[in-house]
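For reference, the structure is listed below as structure tokens.
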Amino acid sequence: MTTSVELDSVDAVDLAAAFMAALGTPGDMAHEIAEHLVDADLVGHGSHGISRLPSYAKYVDDKQVVADARPRVLSGGTSPIVSAEWGFSHVAARMTTDLACEQAKTSGLGLAGLVRSTHVGRLGAYIERAAAEDCIAMAFVGGMGGSRLVAPFGGRSGLLSTNPIAAGFPTASGKPMVIDFSTAAAPIGKIMVAAMEGRRMPTESLVDAEGRPSDDPTLLDRGGSMRTFGDHKGFGLAVLVELLGRVLLGSERFADGGGPTFERQGLLILTVAADSFGGLSDVLAEAERLRNEIHAVTPAEGFESVLAPGDPERRARERSGGRVTISEGAWNAIRDAATRVGIAERIPGPVSVN
């Protein structure tokens, strides 16, 4: 039985904010980042939640991230570019999203890019923010992490990173339909955990050094690579993300002073005003109707219901009751890292272990 630790989300935000501040991040930014991380936990994406704190400390130790850097706008106009200045990039990604939405409200379309960025957190959070402003939004991250982990379809060596994509559409109920996923067949975090635990992957999400599909997670340390989902279709989407998130944006032109982990990374945000072709209320109502039609489909054997994009996150938030649940191992890593950065006294308690 897997044990887990539960804590109140307010305590989790306080802990994460204190942790980020201890790393040197300005207080206002530290709190915004903390809220972003805890929200990821609440919607069921713990891989982007407070379990990231130990790795954030390592980024600073390894000089991959400038902890006290503040983002700034490098250029305005019709295609503004924001620079995260190699700092933690959640605030910068939010700024980029807001700039794109402001354009869409004025001219129907918006486009903004983020460069000199590091980890931006959960992409879906920015899409949800745009939808709250009645903007349809798409996000593309190319060159992420600087690692060539994912092999092209039919290839035997890594070429791309996991190249995530996210998109969302507002609806009449205020609950947007949102997709948010990497183009790799499995998250790198799950592959790493499986390798540490001596488990095989549930699917053949990797290839060996000869390009043969495999479920062996240790292959990444032995000349293997990750696969894209959907074979050639997923690879085509991964290439599109790379073209938009890195090539179009030209993120490598801004790589001066960046470490090898993030130097090629770029985030492109594209927004469309929901009333570009018709009345806003009609568009939102039709989007809501589509969701209702999805829910009305009879579920297949083994499924309780048919879900629309964004439903799993909303359900997870409702089930959480404002409580964050993380694995005991991740909690121990957070506690150890908090001690190393000098905030051991900020560890909340008591916590319940299930």
(request) Averaging sequence separations of C-alpha pairs under 8 Å and six or more residues apart, then dividing by the length of the chain, give the relative contact order as a whole percent. (result) 24 percent
(request) For the chain, give the magnitude of the charge dipole about the Cα centre (Cβ charges: +1 Lys/Arg, -1 Asp/Glu; no others), in debye to the nearest 20. (result) 700 debye
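In a shell of Cβ-Cβ distance under 13 Å around Ala167, excluding Ala167 itself, what net charge do Lys and Arg (+1) and Asp and Glu (-1) give?
Residues close to Ala167 contribute a combined charge of -2.
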(message) How large is the Rg to Rh ratio of segment 185-227 when both quantities use alpha carbon positions and Rh follows Kirkwood?
(response) 0.91
(request) Go ahead and run the numbers for FRET between Asp336 and Glu210, Cβ-Cβ distance against an R0 of 25 Å, rounding to 0.05. (result) 0.05
(request) Assign one of three labels to segment 256-314, namely rounded, prolate or oblate, based on the Cα gyration tensor with a ≥ b ≥ c the square roots of its eigenvalues; rounded applies when a/c is under 1.5, prolate when it is not and a/b is larger than b/c, and oblate otherwise. (result) oblate
(message) Just want the answer: with Cβ charges of +1 for Lys and Arg and -1 for Asp and Glu, which residue in Leu219, Val207, Ile188 is farthest toward the dipole's positive end in segment 185-227?
(response) Ile188
(request) Using the charge dipole of the chain (Lys, Arg: +1 at Cβ; Asp, Glu: -1 at Cβ; taken about the Cα centre), state which of His36, Gly329, Gly279 has its Cα farthest towards the positive end. (result) Gly329
(request) Quick one: among Ala93, Ala125, Ala344, which has the greatest mean-square fluctuation in a GNM of the chain with alpha-carbon springs under 10 angstrom? (result) Ala344
(message) Using a 10 angstrom Cβ neighbour count of at most 14 plus a DSSP loop assignment to flag exposed chymotrypsin sites (Phe, Trp or Tyr not before Pro), which longest range of the chain is free of such sites?
(response) 1-276
(message) Could you compute the net charge surrounding Asp336? Neighbours are other residues with a C-beta less than 13 Å from the C-beta of Asp336; K and R count +1, D and E count -1.
(response) +2
(message) For a protection proxy built on the mean count of beta-carbon atoms within 10 angstrom, sort 279-286, 246-253 highest first, please.
(response) 246-253, 279-286
(request) Step through the residues of segment 138-152 one at a time and calculate ³J(HN,Hα) from phi using the Karplus curve (6.51 cos²θ - 1.76 cosθ + 1.60, θ = phi - 60°), rounding each to whole Hz and writing x for Gly and Pro. (result) 9, 10, 9, 10, x, x, 4, x, x, 9, 8, 9, 10, 7, x
(request) Pop the C-beta distance of Leu248 and Phe277 into the FRET formula with R0 = 30 Å and round what comes out to the nearest 0.05. (result) 0.75
(message) Rounded, prolate or oblate for the chain? Axes are the square roots of the Cα gyration tensor eigenvalues, ordered a ≥ b ≥ c, and the cut-off for rounded is a/c under 1.5.
(response) rounded
(request) Could you work out which residue, out of Val73, Val306, Val13, moves most in a Gaussian network model of the chain, that is, has the largest mean-square fluctuation with Cα springs under 10 Å? (result) Val306
(request) Among Met144, Met177, Met192, determine the one that fluctuates most according to a GNM of the chain built with springs between C-alpha atoms less than 10 Å apart. (result) Met192
(request) Run a plain Debye calculation on segment 10-55 (Cα atoms as equal point scatterers, no solvent) and give log10 I(q)/I(0) at q = 0.14, 0.22, 0.27, 0.29 Å⁻¹, rounded to two decimals, same order as the q list. (result) -0.26, -0.63, -0.90, -1.01
(request) State the Cα centre-to-centre distance between segment 260-300 and segment 209-233 in whole Å. (result) 32 Å
(message) Pairs of alpha-carbon atoms within less than 8 angstrom and 6+ residues apart define the contacts here; what relative contact order does segment 185-227 have, in percent?
(response) 37 percent
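None of the figures in this text is laboratory data; all of them are computed from the coordinates on show. Predicted model only: the values in this text are computed from it and were never measured. Methodologically, a virtual Cβ is constructed for each residue, glycine included, from the backbone with ideal geometry; neighbour enumeration extends over all protein chains shown.
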